[in-house]
Amino acid sequence: MIKSLLSGDAPGKPLLALIVCAVVICLALAPFLFPGTRSVDTAARICIIIVLVASYDLLLGYTGIVSFAHTMFFGIGAYGVAIASSSMGPGWDALALGGAGGVLVAAALAFVIALASLRVRAIFFAMITLAVASAFGVLVSQLYTITGGEDGLTYRLPQMLTPAFEFADFRLFGVRLDGRLLSYYLIFFSAVALFLVLLRLVNSPFGRVLQAIRENDFRAEALGYKTVHYRIVASVVSAVVAALAGVLLAIWLRYTGPDTTLSLDLMIDILVMVVIGGMGTMWGSVLGATIFVMAKNYLREVMGAASALTSDLPLVTDILHPDRWLFWLGLLFILSVYFFPTGIVGKFRRSTQ
Amino acid sequence: MGETGETLLSLSGVHTHIGQYHILHGVDLEVPRGQLTMLLGRNGAGKTTTMRTIMGLWQARQGAVRFAGEDIARLATPDIARRGIAYVPENMGIFGTLTVEENMVLAARRSGLNAERLDWIYSLFPAMRKFWRWPAGQLSGGQKQMLAISRAIIEPAELLLVDEPTKGLAPTIIDALAEAIMALKQTGVTILMVEQNFALARRVGDTVAVMDDGKIIHTGTMAELGADTALQGRLLGLDIGGGTA
């Protein structure tokens with residue numbers, strides 16, 4: 001059963017499978033294992049980012065398409081929920097309508113961009129997506145009556161998903177059974193489902209054609225495959241999943257703004273996560289997203305502790321000062337690319353074959 | 001299926017440009033059904049460009065490419081492939097990160113893998129069975145070439161284009177390849193093949209066309225060219241005795 005759920009594409013080597021299992025178990029039990037607002041928040045973000053990174057890997061890793069508009073689709077999903085919830089008031093109908101609307105807009109936009117640019121060379125696709133994404137960012141900040149501009153939108157969700165809602169008045173392992181817990185599991189299980197769908201897709205005949213196109217698109221054409229059709233479908237699917245990840249983020253944060261969904265920084269983070277995890281392996285997105293989000297959220301603390309420990313050593317304590325966390329993050333990235341040029345999962349898989 | 005010997009593919013007055021370069025200067029070529037036509041000529045004569053033009057990977061600027069009576073010169077590559085032309089390019093173009101099996105499944109686009117046909121391919125190339133689950137990128141050069149040919153014949157094609165299959169291969173492997181090509185001919189498939197190795201070309205070819213400077217400068221039977229060393233010397237610049245193996 002597990003094998004068919006994973007579409008026959010298990011993580012690979014035992015060590016790798018063990019690490020992935022550990023990550024999944026930690027995420028599944030995060031509210032109980034690591035109670036506390038901040039750690040649960042980190043776990044929820046990891047779930048969402050895994051989906052976002054996996055959907056980007058479908059484009060970059062499996063199909064060989066470079067897009068800079070992935071955060072735009074992510075943002076469209078989030079803004080769908082945000083706009084619907086703030087204009088219609090909290091409710092499941094607003095959530096469903098906003099989410100569905102966001103997904104539809106993302107799909108339509110992805111289709112138009114792909115149709116207009118994938119017929120020509122891949123580099124044009126990258127540039128066009130960059131242009132469209134920038135224009136979209138400007139549009140969102142200009143249409144502040146609808147989008148809240150640079151401030152973004154804060155809105156309320158159905159009561160069931162708020163901390164004030166308690167569905168049982170006892171505590172389970174010391175954790176309050178409230179709406180926050182419900183929204184965490186809504187996000188966790190949605191993320192698992194979306195990930196498994198993507199895993200199924202890349203291991204299907206369709207996914208094999210995508211890989212063939214990435215390897216040698218002329219050859220795929222000479223076998224009779226219309227590569228443009230496949231590329232368009234891949235970019236639409238990827239956009240839809242990104243928009244769904246945006247919906248999840250909007251549910252979790254109850255806030256949507258340009259910085260959390262549309263920024264170019266986030267786009268680059270996604271790229272980095274795909275590369276660290278391993279391009280062309282869905283499991284890479286699990287590791288890439290987990291490592292990156294953890295590093296971003298906790299590197300400062302680790303360094304603060306390290307700096308305090310080494311307070312006697314003059315130079316070392318300065319180097320380890322928490323303010324230098326970005327430097328260390330950069331160093332971590334360079335080292336990981338140096339030692340795992342094909343990503344962590346790519347490295348593991350290569351040595352098995 | 002038509003009669004053996006009638007023209008299956010014909011190029012007339014084909015001009016192909018690659019960027020600013022004018023590569024084919026009016027190629028006229030006829031490929032008879034059920035035979036193996038060798039396309040010979042020195043490097044840069046335009047042999048590969050001719051193959052790619054037939055396949056639609058370069059568009060002919062002038063001229064007609066007729067396949068089974070239909071002009072295919074303006075069709076897109078996938079549509080040409082779907083009309084029954086299979087192509088084994090010079091660089092083989094295998095999908096290296098996919099397994100041998102996956103490469104074959106992709107090639108069997110219309111009807112999926114056919115067990116009988118697969119057995120036949122295993123008999124031509126036993127290595128395919130052995131390395132069935134290997135990533136194709138890890139095969140040796142000869143095995144990759146066998147995979148490239150297997151991929152082209154897993155579905156019955158009417159015309160097989162093979163571009164320099166022996167390039168960079170060891171002599172024993174070339175022998176095995178020649179055997180396979182002879183066996184393939186027995187099935188009645190029409191083949192157009194580019195080859196630098198004249199010994200092999202003489203062994204497997206039925207008819208021959210020689211190119212130079214983007215034109216066909218000689219056509220005839222392989223037997224005739226094989227017997228006429230003076231003609232070989234003039235057309236191909238070969239030494240007496242049939243060239244190098």
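Scanning the range A:159-177 for residues that are over 17 Å from A:Gly91 (Cα atoms) and without any contact (Cβ under 8 Å) to a residue 24 or more places away in the chain turns up A:Glu166, A:Phe167, A:Ala168, A:Asp169, A:Phe170, A:Arg171, A:Arg176, A:Leu177. Would you confirm whether or not the range A:94-106 contains a residue that is within 21 Å of A:Leu264 (Cα to Cα) and open to solvent by 10 Å² or more (accessible area, probe 1.4 Å)? Yes, because at least one residue in the range A:94-106 is within 21 Å of A:Leu264 (Cα to Cα) and open to solvent by 10 Å² or more (accessible area, probe 1.4 Å). Residues that are within 10 Å of chain A (Cβ to nearest Cβ) and at pLDDT 90 or above do not occur anywhere in the range B:21-37.
Exactly one residue out of B:Arg110, B:Arg82 is modelled with pLDDT under 90, among the basic types (Lys, Arg) and over 18 Å from B:Ile181 (Cα atoms): that is B:Arg110. Which residues, counting only those in the range B:219-239, are within 16 Å of B:Asp206 (Cβ to Cβ) and open to solvent by less than 50 Å² (accessible area, probe 1.4 Å)? Once the filter is applied, which keeps residues that are within 16 Å of B:Asp206 (Cβ to Cβ) and open to solvent by less than 50 Å² (accessible area, probe 1.4 Å), the range B:219-239 yields B:Gly220, B:Met222, B:Leu225, B:Gly226.
Scanning the range B:44-66 for residues that are more than 14 Å from chain A (Cβ to nearest Cβ), touching a residue at least 40 places away in the same chain (Cβ under 8 Å) and of a type outside the set (Val, Ile, Thr) yields B:Ala45, B:Gly46, B:Lys47, B:Ala60, B:Arg61, B:Gln62, B:Gly63, B:Ala64, B:Arg66. Among the residues making up the range B:197-229, those that are in contact (Cβ under 8 Å) with a residue 60 or more places away in the chain and of a type outside the set (Val, Ile, Thr) are B:Phe198, B:Ala201, B:Gly205, B:Asp206, B:Ala209, B:Met211, B:Asp212, B:Asp213, B:Gly214, B:Lys215, B:Met222.
Among the residues of the range A:195-218, those identified as open to solvent by less than 10 Å² (accessible area, probe 1.4 Å) and either acidic (Asp, Glu) or at the interface with chain B (Cβ under 8 Å from one of its Cβ atoms) (or both) are A:Val209, A:Ala212.
Residues checked against (1) aliphatic (A, V, I, L, M); (2) farther than 28 Å from A:Ile76 by Cα:
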| site | (1), (2) |
| --- | --- |
| A:Tyr225 | no, yes |
| A:Tyr230 | no, no |
| A:Ser235 | no, no |
| A:Ser238 | no, no |
| A:Val241 | yes, no |
| A:Leu253 | yes, no |
| A:Gly257 | no, no |
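Within the range B:75-90, if we keep just the residues that are more than 12 Å from the chain's Cα centre (by Cα) and part of a loop (DSSP other than H, G, I, E, B), the residue that is nearest to the other protein chains (Cβ to nearest Cβ) turns out to be B:Ala76. Annotation note: of A:Arg156, A:Arg180, the sole residue that is in a loop (DSSP other than H, G, I, E, B), open to solvent by 30 Å² or more (accessible area, probe 1.4 Å) and within 25 Å of A:Gly89 (Cβ to Cβ) is A:Arg156.
State whether one or more residues within the range B:143-154 are open to solvent by 20 Å² or more (accessible area, probe 1.4 Å), outside the structural domain of B:Gly34 (by TED's automatic domain parsing) and assigned to a loop (DSSP other than H, G, I, E, B). Taking every residue of the range B:143-154 in turn, none turns out to be open to solvent by 20 Å² or more (accessible area, probe 1.4 Å), outside the structural domain of B:Gly34 (by TED's automatic domain parsing) and assigned to a loop (DSSP other than H, G, I, E, B). Residue check: is A:Val40 farther than 30 Å from A:Leu143 by Cβ, open to solvent by 60 Å² or more (accessible area, probe 1.4 Å) and at pLDDT 90 or above? No, not satisfied. No other residue among A:Ile65, A:Ile123 is assigned to a helix (DSSP H, G or I) and out of contact with any His (no Cβ under 6 Å at 6 or more places or on another chain) apart from A:Ile123. Taking the conditions exactly as written (in contact with a Gly (Cβ under 9 Å, 6 or more places away or on another chain), modelled with pLDDT under 90 and within 13 Å of chain A (Cβ to nearest Cβ)), does B:Ile94 satisfy them or not? Yes: the conditions hold for B:Ile94.
Kindly evaluate A:Val20 against the criterion of being closer than 23 Å to A:Val345 by Cβ and modelled with pLDDT of 95 or more. So A:Val20 fails the test. Among the residues of the range A:159-177, those identified as assigned to a loop (DSSP other than H, G, I, E, B) and either open to solvent by less than 30 Å² (accessible area, probe 1.4 Å) or farther than 18 Å from A:Phe34 by Cβ (or both) are A:Thr162, A:Ala164, A:Phe165. For the condition part of a loop (DSSP other than H, G, I, E, B), more than 12 Å from every other protein chain (Cβ to nearest Cβ) and open to solvent by 30 Å² or more (accessible area, probe 1.4 Å), what is the one hit in B:Trp132, B:Trp120? One residue alone meets the criteria, B:Trp132.
The values are calculated or read from the model by the stated rules, or taken from the named source; none is laboratory data. In this text, all values refer to a predicted model and were calculated from it rather than measured experimentally. All Cβ positions, glycine included, derive from the backbone under ideal geometry; neighbour counts span all protein chains shown. Note: accessible area is taken over every heavy atom of the protein model, side chains too, but ligands, DNA and RNA are not part of it. Shrake-Rupley method; radii C 1.70, N 1.55, O 1.52, S 1.80 Å.
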